[in-house]
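Okay, structure first, notes after.
The values are calculated or read from the model by the stated rules, or taken from the named source; none is laboratory data. Please read these numbers as outputs of a predicted model, since none were measured by experiment. Cβ placement follows ideal geometry from the backbone for every residue including glycine, while neighbour counts extend to all protein chains displayed. Side chains included, ligands, DNA and RNA excluded: accessible areas come from the protein's heavy atoms. Shrake-Rupley method; radii C 1.70, N 1.55, O 1.52, S 1.80 Å.
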Amino acid sequence: MISVPKVLEQQLRTVDPLRGKVLSLDYAVHAHEVCHDELTPEQQDLSAIYLGTAKALFDGEASMTALADASAAHAKIRISGSRLAEEIMWVGVLAVSVCWQRELVREGLSRGELKNVTVKTVAAEAQNVVRLFSGEQEATWQLIHLLETADRVDPQVLVNLLDEVSAEQAEFLAVEYAKHALERHPDARYFQAVLDDPGRLPLAVVARQAQHMVGGSEATWQLIKLVASAPVTETRRTAATEQQ
């Protein structure tokens, strides 16, 4: 069975530092959105300002002083709600640390208590708070977001994962891949035959034929469809996420 958290961790290891920073903020923002109802109105507002300021720095539309001010306000309000609300807001602290802690420390605006925090830390903690809030598995969204926003996805990732899917999932994906190809090439008899008997051919063969027929980013689309349909194993909190 495919472990989405494991695949996500493998992919996060390959991202460049700048992309890791952007993903960290994306993951924090999404966790806040999913768990929105757990936060007080003031926590919602100050979290939005805090994360928005961190994002604006990438475009030169904010300053480190503004981020330090937003961080101070965010820290004061973080402990004013429930324990879970505090943990949700902590995801934002981790994400901003990944992005700007060195700069804040260099300018004397932070003491830099957090160490060894990476996008993987943010991803794991975001998964934890979403699971606690709703029972949902955030790793799937995180991996799909990573794939959808990537400039390029190594096609070998799909090849490797196709060998790990269950027989039931393989039939489901064969149908989905065939339908997607038929949407672009309605007269392709090969894919109509797949729909008639989805278990007849190996999934990898159907995937390659669809990629050949459709071209472009079809392999990435197939990978996202595979991830979206995969059972997700639970990710536990690690020591790296306990640096509160």
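Going by the conditions given, is ALA68 in the same structural domain as ASP37 (by the TED database), exposed (fewer than 15 other Cβ atoms within 10 Å of the Cβ) and closer than 15 Å to ILE49 by Cα? So ALA68 does not fit the description; no. Being open to solvent by 60 Å² or more (accessible area, probe 1.4 Å) and within 18 Å of the chain's Cα centre (by Cα) holds for only one residue in LYS55, LYS21, and it is LYS55.
Considering only region 136-147, I want to know if a residue exists there that is without any contact (Cβ under 8 Å) to a residue 40 or more places away in the chain, of a type outside the set (Asp, Glu), open to solvent by 30 Å² or more (accessible area, probe 1.4 Å) and part of a helix (DSSP H, G or I).
No; the residues of region 136-147 include none that is without any contact (Cβ under 8 Å) to a residue 40 or more places away in the chain, of a type outside the set (Asp, Glu), open to solvent by 30 Å² or more (accessible area, probe 1.4 Å) and part of a helix (DSSP H, G or I).
Among (1) over 21 Å from ARG131 (Cβ atoms); (2) free of Cβ contacts under 8 Å to residues at least 12 places away in the same chain, where does ARG83 come up short? Looking at each condition in turn, ARG83 falls short on (1). Each residue in region 44-74 was checked for being under 17 Å from ALA31 (Cα atoms) and either outside any helix (DSSP H, G or I) or touching a Cys at 6+ places or on another chain (Cβ under 6 Å) (or both), and 1 pass. Taken over region 169-216, residues that are open to solvent by less than 70 Å² (accessible area, probe 1.4 Å) and assigned to a helix (DSSP H, G or I) amount to 23. Can you tell me how many residues in region 87-118 are assigned to a helix (DSSP H, G or I), open to solvent by 10 Å² or more (accessible area, probe 1.4 Å) and in contact (Cβ under 8 Å) with a residue 12 or more places away in the chain? The total comes to 9. The number of residues in region 171-196 being under 23 Å from VAL227 (Cα atoms) and free of Cβ contacts under 8 Å to residues at least 24 places away in the same chain comes to 7. Candidates in region 148-158 are the residues that are open to solvent by less than 70 Å² (accessible area, probe 1.4 Å) and part of a helix (DSSP H, G or I); of these, the one that is nearest to VAL15 (Cα to Cα) is THR149. Within region 217-244, being at pLDDT 95 or above, closer than 30 Å to VAL129 by Cα and open to solvent by less than 30 Å² (accessible area, probe 1.4 Å) holds for GLN222, LEU223, LEU226, VAL227.
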